[in-house]
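Accompanying notes for the structure given below.
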Amino acid sequence: MEDSKTKKGTKKRCSFCGRPEDEVDFLITGMNGYICDSCSTQAYEIVQEATGQHSSATSFNRLKMDELPKPKEIKEFLDQYVIGQDDAKRFLSVSVYNHYKRLLQKDTKDDVEIEKSNIIMVGSTGTGKTLLARTIAKLLKVPFTIVDATVLTEAGYVGEDIESLLARLLQVADYNVAEAEQGIVFIDEIDKIARKGDNPSITRDVSGEGVQQGLLKLLEGSVVNVPPQGGRKHPDQKMIAVNTKNILFICGGAFDGIEKKIAQRLNTHVVGYNTSRKTAAIDRNNMLQYIAPQDLKSFGLIPEIIGRLPILTYLNPLDRDALRAILTEPKNSIVKQYIKLLDMDGVKLTFQPEVLEYIVDKAVEYKLGARGLRSIVETIMMDVMFDIPSQDEKKFEVTLDFAKKQLEKANLARLQTA
């Protein structure tokens with residue numbers, strides 16, 4: 001009995017909060033006392049606040065209006081990496097610029113509060129939705145992350161929870177909550193969480209409408225408890241409260257087949273003697289330019305989600321001229337990348353002009369967009385990239401005959417889409 005009392009009386013306690021050792025995660029021992037993990041965290045935050053060392057968030061809040069990149073400057077930066085898509089670039093540039101202005105809006109004399117304008121971009125595969133997002137991330141002074149909606153499921157099912165979107169943003173912001181709360185999230189493949197249909201089914205739509213319902217609380221601006229290490233793998237972890245009020249959401253998706261919905265809607269509006277005149281004015285090769293919110297609803301997005309994505313823009317399908325420009329003109333064009341790769345081996349790589357035209361022709365034939373250009377060039381260059389580093393050659397020219405032989409050998413027809 002005496003031994004137990006002695007042990008109880010000599011139990012180590014935090015010198016700041018007084019909690020015993022068995023009620024905290026760990027104690028740090030000093031010369032004449034102890035400090036627990038909780039008090040040390042609070043002490044660190046107090047020191048940061050007192051010395052003004054909230055690095056990224058504080059430095060951003062000190063920015064002035066004349067230091068922000070203007071919409072034209074943002075678009076000019078995008079032009080260096082992305083060919084065409086002027087409409088989408090303009091929408092993105094204005095939205096990002098307005099996002100900056102919202103964050104700088106403080107102590108205004110009037111009661112006007114600027115609301116955020118989340119964006120949704122619609123465009124077929126290979127037109128540059130994700131590339132736009134990755135490119136604009138290079139220019140931003142706020143945390144930016146790209147997440148994929150295809151992995152999201154309702155809570156309790158195999159997959160990722162909605163909160164994992166914000167966990168990625170926290171990681172980018174180095175778990176600085178104040179900085180993460182003014183970031184930008186690009187949600188790719190948003191069309192993959194569309195409602196599968198109105199017909200009742202014996203199976204649950206765990207990656208469709210339920211995920212959309214979960215996204216609502218993020219888009220509308222609310223305080224969300226985010227598991228920093230992932231929700232289901234670490235159930236005992238401490239949650240981090242994140243306010244999504246100032247987080248800008250940009251969504252992108254291919255919405256494959258939505259052209260049929262657009263065509264149906266346009267036909268319903270054309271009645272009477274002017275039918276032929278009005279239908280003649282419609283560009284059947286680019287139906288996405290006529291997209292409207294009701295088309296997204298017909299595709300399977302719930303009205304609440306559409307209402308919280310007020311800016312709707314589209315990406316044009318890539319024609320032959322655009323594909324030719326993509327091949328060589330951007331700063332990080334495909335051809336420039338391969339020239340750089342071989343230059344690191346001391347080899348000067350050149351392409352015959354006919355080869356570039358041939359590559360574009362094949363990309364148009366296989367309907368793979370800009371992504372198809374990369375596949376074709378990769379197929380042509382694979383043997384070269386394998387052999388050249390072991391040889392003493394100082395230059396290599398890709399000829400039309402060589403390109404044709406490489407594609408025939410690789411049986412590129414397997415890439416062709418129906």
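The values are calculated or read from the model by the stated rules, or taken from the named source; none is laboratory data. Predicted model only: the values in this text are computed from it and were never measured. Because the Cβ atoms are built from the backbone with ideal geometry, glycine has one as well, and the counts that use them run over all protein chains shown. Side chains included, ligands, DNA and RNA excluded: accessible areas come from the protein's heavy atoms. Shrake-Rupley method; radii C 1.70, N 1.55, O 1.52, S 1.80 Å.
Nearest 0.05, what FRET efficiency do SER390 and GLU365 give at R0 = 41 Å with Cβ-Cβ as r?
After rounding, the FRET efficiency stands at 0.75.
With label points built 7 Å along Cα→Cβ from the Cα atoms of VAL223 and LYS260, find their separation and express it in nm.
4.7 nm
Once amide H atoms are built 1.01 Å from N in the peptide plane, which residues 5 or more positions from GLN352, or in another chain, come under 5 Å H to H?
The list, which skips near neighbours in sequence, is VAL398.
Given the pairs LYS260/LYS336; LYS348/LYS409; LYS331/LYS367; LYS138/LYS336; LYS72/LYS238, which are separated by over 31 angstrom at their Cα positions?
With Cα atoms farther than 31 Å apart: LYS260/LYS336; LYS72/LYS238.
Would you calculate the separation in nanometres between label points at GLU45 and GLU354, each defined as 7 Å from the Cα along the Cα-to-beta-carbon direction?
If labels sit at GLU45 and GLU354, their model points lie 7.0 nm apart.
Sticking with the crude label model, points 7 Å out along Cα→Cβ, report the distance from GLU23 to VAL177 in nm, one decimal please.
2.3 nm
Identify the GluC sites (Glu not before Pro) of region 68-133 meeting these criteria: DSSP loop state and at most 12 other C-beta atoms within 10 Å of the C-beta. Mind showing how you got there, number by number?
Details: sites: GLU73, GLU76, GLU113, GLU115; in loops: GLU113, GLU115.
Sparse-neighbourhood loop GluC sites (Glu not before Pro): GLU113, GLU115.
I want the local charge near GLN48. Using Cβ-Cβ distances under 15 Å, sum +1 for each Lys or Arg and -1 for each Asp or Glu among the other residues.
Summing Lys/Arg as +1 and Asp/Glu as -1 gives -4.
For TYR175, what accessible surface area do you get with a 1.4 Å probe? Give it in Å², rounded to 10.
Here the residue's solvent-accessible area equals roughly 100 Å².
Leaving ligands, DNA and RNA out of it, rank SER333, SER222 by accessible area with a 1.4 Å probe, largest first.
SER222, SER333
Tell me whether region 295-418 comes out rounded, prolate or oblate; compute the Cα gyration tensor, take square roots of the eigenvalues as a ≥ b ≥ c, and use a/c under 1.5 as the rounded threshold.
prolate
Once amide H atoms are placed 1.01 Å from N in the peptide plane, what residues at a sequence separation of 5 or more from CYS251, or on another chain, have their amide H within under 5 Å of its amide H?
ILE119, ILE120, MET121, ILE187
With a 1.4 Å probe and all protein chains in place, put THR150, THR328 in order of accessible area, largest first.
Working: THR150 75, THR328 40 Å².
Accessible-area ranking of THR150, THR328, largest first: THR150, THR328.
With a 10 Å radius around each residue's Cβ, average the other Cβ atoms per peptide and rank 128-140, 30-42, highest first. Mind dumping the intermediate values first?
Numbers: 128-140: 19.2, 30-42: 13.6.
So the peptides 128-140, 30-42, ranked by packing, come out 128-140, 30-42.
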